[in-house]
DNA sequence: GTTTTTGCAAACCATTTGCAGGGTC
DNA sequence: GACCCTGCAAATGGTTTGCAAAAAC
């Protein structure tokens, strides 16, 4: 889970300018515990009078998603959300109650993909795996 | 890939009424070769003067998605689409060029999920796996 | 100084909803 | 005949865009 600093460095390293709105946004993202939406950030920016506008939030999230610092999630409910994460190909287990997410390794997935490719004849070049369930602390604290 | 008949039977079996608009929609869906959007169906309904309205398309797709006859897809591009498929839990390989999709079996995925659950401590209760790549015929017909 | 980035507000687009009329069982 | 379903048009909600001013390099 990147900190605000990591996010700013990502902007910088990729040749984007480090601006005040981006600093504030990075901070906002760093504070998110689970998954979040553009709207969450916009609302919080407004609530705390940070002056970061809608457009900036969306534009920055686009960049961050492209840089892999943030990843778009498609929840089982059909809703969309984002999670901050390390840049590198990986997958998530997402808590269906609190939204917290954990990165997971491929642990055997590559073999499955190769197998599917062989059987189906497809030349597979990208994939996505998303797991959903209760995280340890939500299991410990039944019902909500 | 269900035919129009299969789709109508799904409506019927689930206690929904088999109406003229639904007949036409089922036919439209049956004609789709790859993935498609609600808008594709609406446009085609209009083009062919079938008189199936927006609302009906969306409402019916909702039902069909719930029945599992149609499945929502999240493409790597971020776009959304639908595919007609057999009702049962499964996954897809989707052609990144023509959109055609093939169902695949779990072939070992269950073991991976169990493993991830063990390692992460999450109580995993749902998952989604989507694979993307070139289907055999698009491989045979390079560039497009 | 040049180029990127910003905020605002308006534009967009896909999807949803309210409702009165019509079709299905 | 009761209830479900439909089309329409208006409402919605999230995301994008045009633009002139401001900030970064």
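The values are calculated or read from the model by the stated rules, or taken from the named source; none is laboratory data. All values derive from a computational prediction rather than experimental measurement. All Cβ positions, glycine included, derive from the backbone under ideal geometry; neighbour counts span all protein chains shown.
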Task: Subset of the range B:65-85 (residues that are on the phi < 0 side of the Ramachandran plot and over 9 Å from the mean Cα position of the chain (by Cα)) - done: B:66, B:67, B:74, B:75, B:76, B:77, B:79, B:80
TODO: Test each condition in (1) outside any helix (DSSP H, G or I); (2) touching a residue at least 12 places away in the same chain (Cβ under 8 Å) for residue A:64 and report the one that comes out false.
DONE: (1)
Open item on the list: What's the number of the only condition in (1) within 14 Å of chain A (Cβ to nearest Cβ); (2) touching a strand residue (DSSP E or B) at 6+ places or on another chain (Cβ under 6 Å) that residue B:66 fails to meet?
Closed with: (2)
TODO: Quick one: which residue in A:108, A:144 is more than 7 Å from every other protein chain (Cβ to nearest Cβ) and modelled with pLDDT under 95?
DONE: A:144
Open item on the list: Being more than 11 Å from chain A (Cβ to nearest Cβ) and free of Cβ contacts under 8 Å to residues at least 40 places away in the same chain is the requirement here; does residue B:21 meet it?
Closed with: yes
TODO: Within the range B:87-120, count every residue that is in a loop (DSSP other than H, G, I, E, B) and farther than 30 Å from residue B:33 by Cβ.
DONE: 0
Open item on the list: Condition check: surrounded by 17 or more Cβ atoms within 10 Å (Cβ to Cβ) and either under 12 Å from the mean Cα position of the chain (by Cα) or facing chain A (nearest Cβ under 10 Å) (or both). Does residue B:91 satisfy that?
Closed with: yes
TODO: Please identify the pairs in which a residue from the range B:119-141 that is more than 7 Å from every other protein chain (Cβ to nearest Cβ) has its Cβ atom under 9 Å from the Cβ atom of a residue that is assigned to a strand (DSSP E or B), counting only partners at least 6 apart or on another chain.
DONE: B:119/A:104; B:137/B:95; B:138/A:123; B:138/B:95
- [ ] Quickly run through the range B:3-18 and pick out the residues that are near DNA strand C (Cβ under 10 Å from one of its atoms) and either within 14 Å of another protein chain (Cβ to nearest Cβ) or within 15 Å of residue B:59 (Cβ to Cβ) (or both).
- [x] B:11, B:16, B:17, B:18
Task: Residue within the range B:71-86 that is within 21 Å of residue A:105 (Cβ to Cβ) and either assigned to a strand (DSSP E or B) or more than 7 Å from every other protein chain (Cβ to nearest Cβ) (or both) present - done: no
- [ ] Could you please find all residues in the range A:1-53 being assigned to a loop (DSSP other than H, G, I, E, B), closer than 18 Å to residue A:70 by Cα and away from DNA strand D (no atom under 14 Å from the Cβ)?
- [x] A:1, A:2, A:3, A:32, A:33, A:34
Task: Number of positions in the range A:121-143 that are surrounded by fewer than 18 Cβ atoms within 10 Å (Cβ to Cβ), in contact with a helix residue (DSSP H, G or I) (Cβ under 9 Å, 6 or more places away or on another chain) and not in a strand (DSSP E or B) - done: 2
